[in-house]
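Take a look at the structure set out below.
The values are calculated or read from the model by the stated rules, or taken from the named source; none is laboratory data. None of these values were measured; they are calculated from a predicted model. Here the Cβ positions follow ideal geometry from the backbone for every residue, glycine too, while neighbour counts run over all protein chains shown. Keep in mind that these areas ignore ligands, DNA and RNA; they rest on the heavy atoms of the full protein, side chains included. Shrake-Rupley method; radii C 1.70, N 1.55, O 1.52, S 1.80 Å.
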Amino acid sequence: MARLLFVFLLLAPGLVASPWQRHAIDASEKGADGVRLADVNADGLPDIATGWEESGVVRAYLNPGPAKASETWPSVTVGQVDSPEDAVFADMDGDGAYEVVSSTEGDERTIYIHQAMGDEYMDPASWKTRPVVRSEDKGQWMFAVPMDVDGNGSMDLVAGSKNDFAAIGSWRFPTTPGGKASWSRWYGAGWVMSLVAYDMDADGAVDIVASDRKGPRSGVLWFQNMPGSAAWPARRIGPEAEHEAMFLDIADLDGDGIEDIVLAVRGGPIQFFRRGSARGGNWRAHDIEIPDGFGTGKAVKVGDIDLDGKPDLVFTCENAEGDLSGVGLLRHSGDPTATQWEVTDVGGPEGEKFDRVELVDLDGDGDLDIITCEESDLLGVVWYENPAR
């Protein structure tokens with residue numbers, strides 16, 4: 001009966017269903033700003049790194065497994081830094097243990113590496129924080145992606161910043177442990193939101209896809225990895241400066257076997273960039289409306305939420321004030337290029353400013369749940385339980 005009710009709610013055009021059950025992973029601080037996933041303890045479960053911007057702490061959360069996923073998760077404060085905007089797991093020294101890399105904005109303007117010194121991963125006293133030296137006061141850092149940029153076998157960071165001297169580029173680390181990183185500027189940006197490592201041209205080399213929120217060249221673009229060359233040339237996806245480009249996702253939305261791009265837009269529709277070629281070109285743009293009753297677009301993620309074999313869109317919002325919802329689900333009725341999709345309210349009126357979103361089966365029942373965080377109303381790091389099963 002519950003399954004039939006869920007399907008009915010999704011199939012009724014324009015219907016906003018009752019909010020899903022929300023579980024708090026951590027609601028003890030203020031300003032939860034993003035969730036990044038990795039299995040840091042090799043137990044087969046995704047763990048979470050989050051920076052709390054207003055509280056000035058960076059935390060790692062260990063997934064307790066399906067039976068305890070609805071409880072507060074075990075966590076450790078890996079460092080205390082001002083204005084952490086992003087936090088991501090990365091094995092920066094190649095020893096098999098995960099560090100946490102935080103990117104800070106405000107007046108801090110530094111990228112930090114937080115490292116557990118010893119085997120006591122969950123003891124905050126074992127964690128030490130050090131800056132990526134030349135990143136200090138170089139920009140308001142917004143996001144970082146760990147990858148081997150130059151192919152020398154050491155972990156590097158692709159990073160982006162905002163406002164004055166904003167840029168996308170790479171911090172390249174030498175193979176010598178403890179060596180200082182060098183900065184390579186790829187692109188003058190306005191306000192970097194997304195950086196995603198993905199092989200866009202199917203040549204076996206991982207490229208970088210980015211969304212740039214502000215400035216005359218705002219929009220979506222990708223940087224081509226050219227092995228053997230220090231150059232990472234920029235390739236545009238869609239028009240420049242049409243909307244404020246927020247967080248994006250890469251997925252095959254139309255089922256043609258080729259990965260597309262979907263983009264949340266502040267104050268506008270979700271943009272679906274449909275790709276006609278696996279080599280990275282022939283893009284066609286389609287707009288998908290965020291219906292009334294929700295805030296302004298912040299992030300979007302593709303996944304089969306209702307288990308019907310077709311991809312759906314989960315989106316989060318800012319400015320979800322009053323009775324507006326900040327988390328929603330969109331489902332198309334057969335045409336993914338349609339402007340209007342059927343909508344389900346996931347979040348309800350609680351929460352105002354949500355962020356990145358991830359889709360994971362946290363309770364082990366075979367459907368995808370929604371992980372996100374809320375920055376303003378003290379909801380913290382949360383997940384919404386999918387009622388499909």
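Listing for the model above:
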item	result
Average accessible area per residue (Å²) across region 117-265 - probe 1.4 Å, nucleic acids and ligands excluded	42 Å²
Mean separation of Cα contacts under 8 Å (6+ apart) over length of region 22-68, as relative contact order %	31 percent
Over region 313-354, equivalent-ellipsoid semi-axes from the Cα gyration tensor in Å	23, 9, 8
Per-residue HN-Hα couplings for region 328-341 [Karplus 6.51, -1.76, 1.60; θ = phi - 60°; Hz; x = Gly/Pro]	x, 10, 10, 9, 8, 9, x, 10, x, 8, 5, 6, 10, 10
The chain, relative contact order in percent, only Cα pairs under 8 angstrom and at least six apart counted	15 percent
Residue order for W141, W183 - accessible surface, 1.4 angstrom probe, largest first	W183, W141
Value at 222 nm in deg cm²/dmol, rounded to 500, when DSSP H runs of n ≥ 4 in the chain each add -39,500 (n - 2.57)	-1000 deg cm²/dmol
Surrounding net charge for H332, when Lys and Arg each add one and Asp and Glu each subtract one, Cβ distance under 9 Å	-1
Mean separation of Cα contacts under 8 Å (6+ apart) over length of region 112-233, as relative contact order %	16 percent
Prolate/oblate/rounded call for region 37-96, Cα gyration tensor, a/c under 1.5 rounded	oblate
Paired Rg and Dmax values of the chain, which use every Cα atom, in angstrom	20.1, 61
Kirkwood Rh in Å, taken over all unlike Cα pairs in region 77-174	13.6 Å
Among the listed pairs K128/K353; K128/K180; K214/K301; K214/K353; K30/K162; K162/K353, those beyond 24 Å (Cα-Cα)	K128/K353
Trypsin sites (Lys or Arg not before Pro) restricted to DSSP loop in region 270-364 with at most 13 other C-beta within 10 Å	R279
Rounded percent of accessible protein surface that carbon and sulfur make up, the chain, 1.4 Å probe	47 percent
